[in-house]
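One structure is given here, and the rest of the page talks about it.
The values are calculated or read from the model by the stated rules, or taken from the named source; none is laboratory data. A quick note: this is a predicted structure, and the numbers were derived from the prediction, not measured. With ideal geometry, Cβ positions are generated from the backbone for all residues, glycine too; neighbour counts draw on all protein chains shown. Side chains included, ligands, DNA and RNA excluded: accessible areas come from the protein's heavy atoms. Shrake-Rupley method; radii C 1.70, N 1.55, O 1.52, S 1.80 Å.
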Amino acid sequence: MPSLRLLAKLAEEHGTPLFVLDHRELRRNFSDFRKLLPRVQPYYAVKANPDPDIVRAFYRMGASFDVASWPEFKLVFRHIRSLSETEQLEYVWNKIIYAHPVKSKETLEKLDRYKPLVVYDNAAEVRKIRDCAPHAGLVLRIKVANTGSMVELASKFGAMPAEAVTLMDEAREAGLTVEGLSFHVGSQCTNFDNYLQALQQSAEVFREAAAAGFDLKLLDIGGGFPAPYDEHVESFRSLARKLNAELDRLFPPPVEILAEPGRFLVATAGTIVARVIGKAVRDGKKCYYIDDGVYGTYSGALFDHCRYPVRAFKRGATEICAVFGPTCDALDTIGFAEELPDLEVDDLVYSVRIGAYSHATSTRFNGFEPAKVVHIHAD
Ligand SMILES: *Cc1c(COP(=O)(O)O)cnc(C)c1O
């Protein structure tokens, strides 16, 4: 994280709440991902943090992108637009996967001219793609175990592996081509068995598909790669070692391997700096009111089931306090058991590793704007 001195200087210059994005961290996370998973092309899941400067930075580093809406597609495509038209069309699969299994007809119609790579997991989607985006290539998402992941996704998406070949047949009958398989083990997946089981299941589907005459070219292992929020999270390095061994065993080249990391690439790059705007004692406990909260950068507390401890710039003996956000709602509680020294109005506080699913889900509730963003150590 940036030094407290730098954070204080930035807060002085830009005001609070201030969302500080450190590009050195972005570069480090990206290069770790590439280095530790050499066969896997990362498609950054834009929804984790759609800041255009992050997209540009990853694009320059050679990333590809996972998008899940038309605005996200456009956010990435403007970097490809500078290429010639033939390059654009050849390039789009290498650079973008439209990973949402359910798309509106209007979105499919807009996507069609780019010959996109799109994910599906049901028969109704095949009919929509046939009618509205017949030039698309298809990737079938299967449902895999999400056991123990911080954010569970299996209840919303994924075809049962047993119906995979039937869904591929549907696509073939509609004149479409299935290029490969995808899955998602759930976000912040710290139970690495989810990945290993998912690879095993995918290999079985690859075998059944081959027997039915399908030539699957790619496997997309999704997102879920855990950010190091605390010391209990087993290292990415050890996950990567397991993944590499299983990928080589079950999916030797020429199968292409994609992944859709979101959180892993951006979580550690974000720090929020906020200011104490009020103080009270209630039921004998100190309560601080700060200028960012659960409707803002701390929204991950709700949407992402993630906790962000609040720390002070000031030193001193700490006690257990409550910290609240600036809105009128009692839901806007960052924590009832934060450990803080005695603070005054105008003192600064901060939270680290808050780069993913935080600013992206900020609201304007009660008239409070999302935190201002500053980028540091950008190229
Ligand atoms: C959200 C999402 C991701 C990113 O997940 P992380 O856990 O942030 O890595 C990847 N793929 C799909 C389809 C998603 O919905």
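Residue-by-condition table, conditions (1) touching a Pro at 6+ places or on another chain (Cβ under 6 Å); (2) more than 16 Å from the ligand (Cβ to nearest atom):
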residue: LEU6; (1), (2): no, yes
residue: LYS9; (1), (2): no, yes
residue: PHE19; (1), (2): no, yes
residue: LEU26; (1), (2): no, no
residue: PHE33; (1), (2): yes, no
residue: VAL40; (1), (2): no, no
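Annotation note: Cβ proximity below 8 Å between a residue of the stretch 197-216 that is at pLDDT 95 or above and a residue that is aromatic (Phe, Trp, Tyr) and buried (at least 16 other Cβ atoms within 10 Å of the Cβ) (sequence gap 6+ or interchain) occurs for ALA198/PHE183; LEU199/PHE251; GLN201/PHE183; SER202/PHE183; SER202/PHE251; ALA203/PHE251; PHE206/PHE251; LEU216/PHE206. LEU218 meets each of the listed conditions (1) under 22 Å from the mean Cα position of the chain (by Cα); (2) open to solvent by 30 Å² or more (accessible area, probe 1.4 Å); (3) farther than 15 Å from PRO261 by Cβ apart from (2). In summary, LEU117 fulfils each of the numbered conditions (1) more than 20 Å from TYR357 (Cβ to Cβ); (2) in contact (Cβ under 8 Å) with a residue 60 or more places away in the chain; (3) open to solvent by 70 Å² or more (accessible area, probe 1.4 Å) with the single exception of condition (3). For the stretch 111-153, residues that are away from the ligand (no atom under 16 Å from the Cβ), at pLDDT 95 or above and of a type in the set (Phe, Trp, Tyr) total 0. If you go through the stretch 177-190 and keep only what is within 13 Å of the ligand (Cβ to nearest atom) and assigned to a loop (DSSP other than H, G, I, E, B), you end up with PHE183, HIS184, VAL185, GLY186, GLN188, CYS189, THR190.
Residue-by-condition table, conditions (1) assigned by TED's automatic domain parsing to the domain that holds VAL119; (2) touching a strand residue (DSSP E or B) at 6+ places or on another chain (Cβ under 9 Å); (3) open to solvent by 20 Å² or more (accessible area, probe 1.4 Å):
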residue: ASP53; (1), (2), (3): yes, yes, yes
residue: MET61; (1), (2), (3): yes, no, yes
residue: PHE65; (1), (2), (3): yes, yes, no
residue: GLU72; (1), (2), (3): yes, yes, yes
residue: VAL76; (1), (2), (3): yes, yes, no
residue: ARG81; (1), (2), (3): yes, no, yes
residue: GLU87; (1), (2), (3): yes, no, yes
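Checked across the stretch 223-236, the condition of being among the β-branched types (Val, Ile, Thr), open to solvent by less than 10 Å² (accessible area, probe 1.4 Å), outside any helix (DSSP H, G or I) and out of contact with any helix residue (DSSP H, G or I) (no Cβ under 6 Å at 6 or more places or on another chain) holds for no residue.
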